[in-house]
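Here is the structure we will look at, set down as structure tokens.
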Amino acid sequence: MAHIRLENISKKFGSHTALSGLDLEIADGEFFVLLGETGAGKTTTLRLIAGLEKPTEGRVLIDGVDVAEWGAAERDVALVLQQYSLYPRYTVRENLEFPLRPKIRRLPKEEIRERVARAAKTLRIEHLLDRKTDRLSGGEMQRVSIGRAIVRKPRVFLMDEPLSALDAKLRESLRTDLKSLQVQLGATFLFVTHDQIEAMSMGDKVGVLNHGRIVQSGTPQEIYNNPRDTYVASFVGSPPMNLLDGTLVDGRAVMAAPGFELPYAGAGGGSGGMPKASGAEGGRPLVFGIRPEDVHLESGAPVEAIVHDVENHGVEKILTLQVGGATLRATVPARTDVRIEQPVRFAWNPEKVVLFDKESGINLRHVA
Amino acid sequence: MTQIELRGVQKYFGAVQVIKNLNLAIADNEFIVLLGQSGCGKTTTLRAVAGLETIDEGDILIDGKPVQNLKAADRDIALVFQSFSLYPHMSVYENIAFPLRATRKSKAEIDTEVRSIAATLQITHLLGLKPSALSGGDMQRVAIGRALVRRPKALLMDEPIGALDAKLREEMRAEIKRLHVRQGSTTIYVTHDQIEAMSLADRIVIMHEGVLQQVGTPDEVYSRPANLFVAQFVGSPVMNVSSAMLAGDGGAVSVRVGGHEKGFEFPPALASRLNGHAAGGALVLGIRPEGIVVRHDAAAGFLPVEAQIIEPLGAYDIVDLKVGSAILRARTKSGFVSGAGARVFARVDPEQAHFFDAESGQSLGVSL
């Protein structure tokens, strides 16, 4: 159980700057997900907290105490990595007991047995306890690795892409398992991933990392509905938010390249408690952002497009539409009968349009 | 004009039977996707059609003629693999022209055909380049061009876009589909990715452990899975599957899940449609997350349930509902259920419910 705070952290590896001016706060008992592409600095951040790296500048605080001088062991954090790194010739039980064995811990045998039993029960691996770890499936091995972290009752769990090596179905079920585990333990989790679905579905809070900086930090809903800039807008969401260049003329969204127009609900919307965007009029170059589920096909709709691709998810279809030179995605019900190269007409939900400044890429609501 | 038929095909690797009595008829111009996990026999099936593997029993017919004893070269079938296997020292033009060299076509004829296929694939501007200068997607376009240039009877593709990154994979998938719409050659395509299969196929062939599980259009496979394997392999998040008890007293029929004291209401017709399956009332209920209706307030036919983990995925949420000892995952509007612990009311939509035999896992074919 711990509160973590990173203040103005910079980290350089030779001439390469991995992190610059990074501020981050993780509340006690929070499931925090650090989301970013390869090379964004996610793993470096995690290793700084674990004490495996030292920051070039800035401070790492755990429960308000600067831990600069603390070694990795003293920080009492548990690491779970993508590679399981279990002892192959040990049984699951021996693997779970191992972190409790060192003499410095001086744990009585009873206590060790009890902790292992409890971890095994939590992770539903009781039936595997006497099996050698090389006889386990990938998902089972990852559960055992997590179990090895749990038995220690660490202050913080640090997880570096623990699900990335597993297949899609297993990932889906371990996602909920991990989340309920965290709720059950009430522990502080820092979870690092490049997968935005993992971030959205598990995080109490998500921090989006780009080029060594936190671009936006907030609840999954905040990040999804009100992305701070076009980077976050296009990174979070699958398919990502549609981004179209254009200008606002007399309350209408006039697109640049393809030359089509759509209505826009007042300058800045102000719907759903969002702050109003300002300064959008006056021919300022803008980027219009609209989520695929807010684009609708209708026979009488204002704009014609050609269906470029149909991605069938069973429950729904994701269409790629082409209008002039622009491409946009629309999520439609599974029953919609559309074929490649068919002309369709579409509209968008004007309430849901997000405006970004063309030059800076910043969401106009965030500027204000 | 090419029909392909497999009749009673059996294939062993040593003692392991990798294809078990496979029967399949592929119509002219049809796009067939073989879908399954690794090791299910899909690639072996493809290679057997191509002539790269012998079969131990059965017939493979192309346009009604048995070809199982013909060499690969005499079957007039083109293959595209995940690895592009282009000749690195030859230009794109020479790579595409290569299969025509052995034919007795004149230089001018070859030139016309190479340029025509290059135009179809939109790679005319690349003709002078060496493969090393191409991106992954372009290399695969060239490989497809080389496969199609000699106008084979059929095109076989083995995970052709599996090695590309996610964005490029989507683009190439769309292109392969458009190419098929335009060229209309009989195609067999192998993949483990169910979205790829759902998006490309006229009909999907699902295999598991060498046994064909179901052949059907994407819609059939999704909406009427033949057995539990197909039900849980296609669709994400996976279909909820739970053992259930049928309870009925005269008029009303209900299906109890997870030992809950009350059951989900079903039309009385269910009892007769089950045709005496469900011995002692035991059966397996399958319901996709979108087939569970969730409300905030009580209503006839709705059971009070508790929400547990909620996965906000942006466009919608996946909510775990505790029904007795079972968890059913429901798809709701984003933010519909406030949080873990919330009391809501749920119903299983009878039209979207699936029933399977508890022993064999086969669908009972009930549709209400």
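Every read-out reported here was derived from the displayed coordinates using simple, explicitly stated rules and does not represent laboratory data. None of these values were measured; they are calculated from a predicted model. For neighbour counting, all protein chains shown are included, and Cβ atoms are generated from backbone atoms with ideal geometry for every residue, glycine included.
Some points to look at:
- Efficiency of FRET from Cβ geometry, A:TYR90 and B:ASP219, R₀ 30 Å, rounded to 0.05: 0.05
- Approximate spin-label separation B:GLN17-B:ASN69, in nm, with each point projected 7 Å along Cα-to-Cβ: 2.5 nm
- Alpha carbon centroid spacing (whole Å) that separates the stretch B:300-324 from the stretch A:167-204: 17 Å
- Here the simple spin-label model places points 7 Å from the Cα toward Cβ, and for A:THR17 and A:ALA165 these points are separated by 3.4 nm.
- Compared with the dominant principal axis of the Cα atoms in chain B, helix B:166-183 is inclined by about 70°.
- Helix B:107-120 axis, angle to chain B major axis (alpha carbon atoms, nearest 10°): 20 degrees
- Modelled FRET efficiency - R0 25 Å, A:ASP250 with A:ALA347, Cβ distances, 0.05 increments: 0.85
- The stretch A:29-187 shape via C-alpha gyration tensor axes, a/c threshold 1.5: oblate
- 5 Å binning of all Cα-Cα separations within the stretch B:240-356, expressed as whole percents from 0 upward: 2, 12, 23, 25, 17, 11, 6, 3, 0
- Ranked by how many other beta carbons lie within 10 Å on average, peptides B:342-353, B:102-113 from highest: B:342-353, B:102-113
- Kirkwood hydrodynamic radius computed over the protein assembly as shown comes to 28.9 Å, based on all pairs of distinct alpha carbons.
- With a threshold of 31 Å on the Cα-Cα distance, the over-threshold entries among B:LYS42/B:LYS153; B:LYS107/B:LYS167; A:LYS352/B:LYS167 are B:LYS107/B:LYS167.
- Other protein chain Cβ atoms within 10 Å, averaged over every residue that makes up A:210-221: 1
- Between B:GLN362 and B:SER325, the contour length at 0.36 nm per residue exceeds the Cα-Cα span by 10.9 nm.
- In chain B the Cα-Cα distances spread across 20 Å bins starting at 0 as 26, 44, 25, 5, 0 percent of all pairs.
- Test item: A:304-313 mean partner chain Cβ contacts at 10 Å: 5
- Listed by chain and number, the aspartates and glutamates placed with their C-alpha closer than 20 angstrom to that of B:LYS130 are B:GLU94, B:ASP111, B:GLU113, B:ASP138; residues fewer than eight positions away on the same chain are left out.
- Residue pairs exceeding 23 angstrom between C-alpha atoms, taken from B:LYS65/B:LYS177; A:LYS132/B:LYS322; A:LYS121/B:LYS322: B:LYS65/B:LYS177; A:LYS132/B:LYS322.
- Hits among lysines - C-alpha to C-alpha of A:LYS42 under 21 Å, sequence gap 8 or more where chains match: A:LYS11, A:LYS12, A:LYS54, A:LYS179, A:LYS205
- Global geometry of chain A, whether rounded, prolate or oblate, following the gyration tensor of its Cα atoms and the 1.5 cut on a/c: prolate
- Shielding value for B:335-343 is 1, the average number of Cβ atoms from other chains within 10 Å of each residue's Cβ.
- Per-peptide average of other Cβ atoms within 10 Å, ordering B:327-333, B:56-62 highest first: B:327-333, B:56-62
- Degrees, to the nearest 10: B:136-148 long Cα axis against longest axis of chain B: 70 degrees
- Residues of type lysines that A:LYS103 reaches as a straight line, Cα spacing below 18 Å, ignoring anything fewer than 8 places off in the same chain: A:LYS153
- The stretch B:47-86 and the stretch A:1-68 have Cα centres spaced 56 Å apart.
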